[in-house]
Every structure is written in structure tokens, then in C-alpha cells.
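Scroll down for the structure; my scribbles are underneath it.
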Amino acid sequence: MGEFRVRSILVTGANRGIGLGLVQQFLGLPNPPEWVFAACRDPKGQRAQELQNLASRHPNLVIIPLEVTNPATIKVAAARVQEQLGDLGLNILINNAGIAKPNSLDNETLENMTQIYTTNTIGPLLLSQAFLPLLKKAAQGSPGSALSCSKAAIINMSSSAGSIEEVYLWDYGQVVSYRCSKAALNMLTKCQSLGYREYGVLCVALHPGWVQTDMGGSGSQKPPVTVDESVQGMLKVLSSLSEKETGTFLDWEGKVVPW
Ligand code: NDP
């Protein structure tokens, strides 16, 4: 971990939960990135208060507006990051923003399924397309050909709830649209790993654990993992990723999750 050096990183859904935890811990690394881009829907609003406080202490933190279901804001965000980074490129894109609704097989609707799929699956697809030129630049500017997060990576925040083999926590909640959206995100990750390998971009789907956030704690039980523990684990995993992990589905402790 001590050697983990990343020049630049962008996290979506960075104003609370796991996204905020990622931003905090990246900023706190012994060798923090030169630039941390924290993307959220309303950078100046109350919901981004913690990010604003962090930005007042960390000049390398840039808060950028982003609604992941809106292609226009994605383009503006990519242009903003490009402006800041110039020819250096972006090392890591973390597609973290996501939503879940407690719907079941009986009450899923077209609107609900569409909204969740658009946010959790199409959002990461569009973000990755928009930031690919910047990721490619970072990969080209980095020595050697081996894939790593220090070179260029797309990290898709998935969930074991989307694992077809595990169907994690089925008795706790069916969340059908959420499960389908994450299963599709997993396939997207595999496709990206195959399509982007030649550009030097590593692609991984990560399960952060069952974490104490608004989403994780929305049911009757308290999730076992704190944001700090989850993020600490994921940073360790990110620091160790190499060639052989691209296109895999891992959890916050580095264990392989079955598709
Ligand atoms: P939270 O509900 O705590 O936070 C979700 C974040 O995503 C918020 O910052 C929210 O912004 C943002 N977001 C949601 N929709 C959009 C959108 N359309 N555009 C931009 N930002 C958006 O969730 P977690 O932190 O728990 O989850 C983070 C990721 O981890 C998700 O992808 C989730 O599926 C995954 N995950 C979480 C688990 C857990 O136990 N917590 C378990 C497995 C996976 P805003 O404040 O504006 O709503």
C-alpha cells in the first residue's frame, strides 16, 4: 500500500457513503493523488457539505457536477477533468454512484427498472466512454505495458446481490431491478476488460461488502462493515490489481466473487 501511487482519480457519487469514504481515504494516503475529482449531483448544495469542507483543506480535491443519467453533464464533466489534467490523462475512474429500491418480483415496474438500470448500468457505460480518451492518455504516458491502477483503470462498483451464483441476501430483500442492474454491470465490466485491454486500461467489478451507508442500512438489519473498513479493504485491493485481475469480479477483501 505504501507504494500505491496514483496521479489522478475520479469517483462518482462522491458526496456520501462509499464514494465519500473513497475520496477521504485517497486524500489521506501517504502519497495522495495530485488530483482527486469528486463528482456529485449538487456540488454547492447541502448534500455536498462534507465534500466542500474537505475541499477547503485539500487543494488537490476538485468537486465537479455530474448526474450519471444525463449524457450532457457527463460530457461537461469529462471536459472539465481534461482541462485540469491536460496531457497527463486520468488514472482511475470509479463508477460508484448507484441506487436501489426495495422492490420485489410482484411490484417491479417499467419505470423503476428503467431508472435503476439507467443509473447503475448505463451510467457507468457512458462515463467510461466519455473518460476513455483520458484513461488512454494516462496509460500511454505510464511506463511498461503491464496493467495496473497506477496506469489506467475503470472500477465498477458492483454488488454480490448481482451475482447469479450467490444471489446474496435474497431472504433479506428481492431488490430485483437492483440485482439485474448489477448483473448487467458485471457483463459490462467483462466487455470493457476485453475491449480496453489493448489501450492499457484495466477493468474490474468490485463488491464493497455490506456497508453501513444510506443504501446498505436502509433495511431492518445493521450492515456488518463500516465505510472505513470497506474502503480500506478496497484500496488495498486496488493497489494490488494486475494483468491477471482485469475482467474479474472481486470483493473488498480481494476474494473472487462468482459471476
Ligand atoms: P449511498 O446510497 O450511500 O450513496 C449513493 C451515492 O450515489 C450518492 O452519492 C448519490 O448521490 C449517488 N447517486 C445516486 N444516483 C445518482 C445519479 N443519478 N447521478 C449521480 N450520483 C448519483 O450508496 P452506497 O455508498 O452504499 O453505495 C455506493 C455503491 O456501492 C453503489 O453502486 C452501490 O450499489 C454499491 N454497493 C453498496 C453496498 C452497501 O452495502 N452499501 C453493497 C453492495 C454494493 P445523491 O446524494 O445526490 O443521491
Just one of Lys190, Lys182 is of a type outside the set (Asp, Glu), part of a helix (DSSP H, G or I) and crowded, with 23+ Cβ neighbours inside 10 Å; which is it?
Lys182
Can you tell me how many residues within the stretch 217-244 are within 16 Å of the ligand (Cβ to nearest atom), surrounded by 14 or more Cβ atoms within 10 Å (Cβ to Cβ) and at pLDDT 95 or above?
13
Taking the condition of being away from the ligand (no atom under 16 Å from the Cβ) and either open to solvent by less than 10 Å² (accessible area, probe 1.4 Å) or of a type in the set (Phe, Trp, Tyr) (or both), how many residues in the stretch 28-49 meet it?
2
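Report yes if some residue within the stretch 13-22 is away from the ligand (no atom under 13 Å from the Cβ) and open to solvent by 10 Å² or more (accessible area, probe 1.4 Å); otherwise report no. Don't jump to the end; show me each part of the working.
Applying the first criterion (away from the ligand (no atom under 13 Å from the Cβ)) to the stretch 13-22 yields none.
Checking the stretch 13-22: not a single residue is away from the ligand (no atom under 13 Å from the Cβ) and open to solvent by 10 Å² or more (accessible area, probe 1.4 Å).
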Scan the stretch 83-105 residue by residue and report those that are touching a residue at least 40 places away in the same chain (Cβ under 8 Å), of a type outside the set (A, V, I, L, M) and more than 15 Å from the ligand (Cβ to nearest atom).
Gln84, Asp87, Gly89, Asn91, Ser104
Among Gly247, Gly162, Gly209, the single one that is free of Cβ contacts under 8 Å to residues at least 40 places away in the same chain, under 16 Å from Pro258 (Cα atoms) and surrounded by 14 or more Cβ atoms within 10 Å (Cβ to Cβ) is Gly162
Checking the conditions here, which among Leu90, Leu85 is under 25 Å from Leu29 (Cα atoms) and buried (at least 23 other Cβ atoms within 10 Å of the Cβ)?
Leu90
Where residues in the stretch 104-115 are open to solvent by 30 Å² or more (accessible area, probe 1.4 Å) and outside any loop (DSSP other than H, G, I, E, B), which of them is farthest from Val36 (Cα to Cα)?
Leu110
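The values are calculated or read from the model by the stated rules, or taken from the named source; none is laboratory data. Quantities reported herein were computed from a predicted structural model and do not represent experimental measurements. Glycine also receives a Cβ, built like all others from the backbone with ideal geometry; neighbour counts cover every protein chain displayed. Each accessible area value is taken on the protein alone, full model and side chains, heavy atoms only, with ligands, DNA and RNA left out. Shrake-Rupley method; radii C 1.70, N 1.55, O 1.52, S 1.80 Å.
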